[in-house]
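Notes follow the structure.
The values are calculated or read from the model by the stated rules, or taken from the named source; none is laboratory data. The shown structure was predicted, so the numbers you read here are calculated from the model rather than taken from an experiment. FYI the Cβ positions are ideal-geometry reconstructions off the backbone, even for glycines, and counts take in every protein chain you see.
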Amino acid sequence: MREPYASMIVKGLKVWEIRKKRTNVRGEIYIISGSYVIGKVELVDVLGPFTVDELSEYEEKHRISYEELKSYARGSKLYAWVLESAKEFKKPLKVSIPKGAQIWVRLGKSDKQI
């Protein structure tokens, strides 16, 4: 996940992650920035679809400007992945990220110290 959004999520400042697709995943997920797990959150719901104009009314939840939303959406509807119980790790943990991983990464045995 790109910065500054990853850090905002684990600090509890960004409680909606905006994506172009829904997900059926629920529960605890780790937030990876670069090759480091920097914290975790609970993915509790997915809202939408939303237009950019509709989402712009909730900037305090997703922390993305109207211009960035519009550029990201490129005319598509967007979804808000609802996040709760953010926890930032005091010491980020190095993980192996497989080539081609886009949204979800399955952590390997060597990553189990998390």
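Between SER71, SER96, SER110, which is modelled with pLDDT of 95 or more and not aromatic (Phe, Trp, Tyr)?
It is SER71.
Out of region 1-16, which residues are under 8 Å from the mean Cα position of the chain (by Cα) and among the β-branched types (Val, Ile, Thr)?
Matches in region 1-16: ILE9 only.
Quick one: how many residues across region 46-77 are assigned to a loop (DSSP other than H, G, I, E, B) and surrounded by 13 or more Cβ atoms within 10 Å (Cβ to Cβ)?
Residues meeting the conditions: 5.
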